[in-house]
Structure formats: C-alpha cells, structure tokens
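A quick write-up on the structure given underneath.
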Amino acid sequence: MSSGEIAVEVSRALDSLVGLSVGDALGQSFLLLGAAAEPLLARRAVRKERPWRWTDDTAMAISIVRHLNAYGTLDPDELAPAFADRYMAEPHRGYGGAARTVLTRIAAGAPWRREAARLFDGEGSMGNGAAMRAAPIGAYFAADLKRTCDQALRSAAPTHAHPDGAAGAVAVAVAAAVAADMAAHGALDGDALLAAVHEHTPAGPTRAGIASARSLGLAADPAEAARRLGSGAQVIAADTVPFCVWVAARHLDSYEEAVWTAITPPGDRDTTGAIVGGIVALSAGVDSIPAEWRRAREPLT
Ligand SMILES: [Mg+2]
C-alpha cells in the first residue's frame, strides 16, 4: 500500500510505531550490555552489532496498531487474544513475569478479565507494560483527547487491572496525541504538553509523578530528573512514565536528543526508549529518525 492510500490517522499510528520500535531496539541494545553500556552511552556511541532486536514493547504495539487499522477502535476482547498469540509465537521478546503468566493463560482460553485481576495477589499489575505500547493510540486519535483516554484504558485492560498501570497508558497516549496535534499546528510547547498530560491522567502515583515533573521544570538536568522521578528501575508505571513524559516534553523537536536522553539513565532502557520514541516521532517527524537507526532495527513483523 502506498502512503497516499493510508488514512491520516493510520499513517500517524505507523509513524509512532516506527519511533517506538527504534527507541525500543536502541534501548535494548544497551540493556543487553549491562555495566559495559555506560561508557558507550556517555559518548552516545551506538552498538555496531546488527540488527538491534525489538522487544515486547514493539510486539504489543504492533497488535494495537493492527487493531486500530482494522477496526478504528480497541476492544479488549479482541486485543487480549492478539497479545497472547503474539507472545506464544515469540515468547523471548523480554516480556515480564506477570505478562508471561497472564498471556499464557489467555492463550489457553482463560478470560482476560479474571487473569489480569488476579495478578499481584489480586491488585492487578501497575507495571509499565501498558504505557510502553500506548503511544500509537494517541497518534491515531490525536485531537480527540477524550477518545484517546478511553481507548488507552481499553488497551491496558487485558494485562493491567491496577488503576495505576492503566493510568500510565493514558498518560503516554495523551502525550502522543498532544505531540501530534502540536506538530499539525506547527507549535511545539513542552510545558503545555506536560500540563495536558497531568490534566488527563487519572489520580494516583503516576499522576503525582507528572506533577513532580512539572514542578521540576524542563530546564532541569536530565540525570537529576531521572533520580527524582525514576527511570524505570522498578518497571512500574509511576517510576517510568513521569520521566518519559518529561523527556519527550523537553525534546519535542529532536527524536535523537529525546531518545538518547531517555535511555541514558540506568533503568528500563528499552521501555523508556519506546515510550519517548513513540511520542517524539510525532512532534519531530518520523523522517528525523536517523536512517542508520532505522536500518539497524530488526524489521517489524
Ligand atoms: Mg521490552
């Protein structure tokens, strides 16, 4: 299909998916190195080994984009088995323990609602896994923030029953929607993006972290921001999403700068790269992603 035949909302979701997958794969290429990554990150030297493999962030985002393209809306009853099938086909994509449990059971025919709700002693997951795949939702619905929030909640439901796990998806989807809308109007404003994300994110620890990101201000040092807000070491939404939204807001005009800033602090580097990449590809433009990075990333399937 040529780009001229693709609806504009699908085209934006695909742009976001490219940004997300390149950020995921770049972040993962360093995560695999352990402590040896630090000197490379300090001088922003990309890995020479090819390809850079994408992980669960991209796998699940592909399912979301496919469903948006096919139906124009997300239905957890359809999305849950799609996530599970993709997991069963390629289980070694870095899925977390809780995701492996819930997706295995869904694949065996168990109802997603029950399985997602029983994780973590019945609290549900507040992990960053719903946030990591959410940027294309905001890309698709862009100007319609109410729909973006509703669809982000639907996208989170099959795996993240804890309200803060879902809040992470809402925050990232809203950031992507606002980034796309600002780009369409030619006026990027990081402070306004942070304010919109804060306004639309459901109350809880992730929203509190976004409030902290706002008071920190976009002029703050990224290392300090990562220390204060968290950069994904706990792999929960509240210690991943506020920093990612702050980084995206700070570097709306540069994919490269945004993604390096996201993956430099220690933490969940594939996911911070995926979240920020999926947002900033919309504001800076997908064509601003370095061609070398796009070539290095394993093809999407
Ligand atoms: Mg991952």
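FYI, it's all coordinate maths here, none of it is from the lab. Please read all numbers here as calculations on a predicted model, not as lab measurements. With ideal geometry, Cβ positions are generated from the backbone for all residues, glycine too; neighbour counts draw on all protein chains shown.
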Over its alpha-carbon atoms, the stretch 180-228 yields an Rg and a Dmax in Å of 12.1, 34
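Given N residues in the stretch 119-199, what is its alpha carbon radius of gyration divided by 2.2 N^0.38 Å? Could you put the intermediate results ahead of the total?
Numbers: Rg = 12.9 Å, N = 81, 2.2 N^0.38 = 11.7 Å.
Compactness ratio reported: 1.11.
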How much length would be gained if the chain were fully extended between GLU292 and GLU49, taking 0.36 nm per residue of separation minus their Cα-Cα distance, in nm to one decimal?
86.2 nm
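Over the stretch 70-167, consider all pairs of different Cα atoms and compute the Kirkwood hydrodynamic radius from their mean reciprocal separation; express it in Å, one decimal.
About 13.5 Å for the stretch 70-167.
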Please arrange SER16, SER125 by how many other C-beta atoms lie within 10 Å of their C-beta, fewest to most.
SER125, SER16
Report the normalised scattering of the chain as log10 I(q)/I(0) at q = 0.07, 0.10, 0.15 Å⁻¹, calculated by the Debye formula with identical scatterers on the alpha carbons.
-0.21, -0.45, -1.07
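What is the order of HIS185, HIS162, fewest Cβ neighbours within 10 Å to most? List each step's numbers first, then the result.
Numbers: HIS185 10, HIS162 22.
Going from sparsest to densest Cβ surroundings: HIS185, HIS162.
For the chain, which span is the longest to avoid every loop-located (per DSSP) member of GluC sites (Glu not before Pro) having at most 14 other Cβ atoms inside 10 Å?
Formally, the longest exposed-site-free interval is 124-301.
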Cα gyration tensor shape for the stretch 252-301, rounded if a/c is under 1.5, else prolate or oblate:
oblate
For q = 0.20 Å⁻¹, what log10 I(q)/I(0) does the stretch 10-55 give under the Debye formula with an equal point scatterer on each alpha carbon and no solvent?
-0.66
What fraction, in whole percent, of alpha-carbon pairs in the stretch 1-98 exceed 21 Å separation?
46
Beyond 17 Å, the calculated P(r) of the stretch 203-301 holds a percent of Cα-Cα pairs equal to 48
Shape call for the stretch 124-268 from the C-alpha gyration tensor, a ≥ b ≥ c root eigenvalues: rounded (a/c under 1.5), prolate (a/b greater than b/c) or oblate?
oblate
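Can you give the net charge of the other residues whose Cβ lies under 15 Å from the Cβ of ASP189, counting K and R as +1 and D and E as -1?
With Lys, Arg at +1 and Asp, Glu at -1, the net is -2.
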Charge dipole (debye, nearest 20) of the chain; +1 at Cβ of Lys and Arg, -1 at Cβ of Asp and Glu:
560
Fewest-first ranking of MET60, MET182, MET132, using other Cβ atoms within 10 Å as the exposure measure:
MET182, MET60, MET132
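Apply the membrane-span-like helix rule to the chain: whole DSSP H runs, Cα extent along the own long axis of at least 30 Å, mean Kyte-Doolittle hydropathy at least 0.5. List the helices found.
Qualifying helices, which must be both long enough and hydrophobic enough, are 8-31, 163-184.
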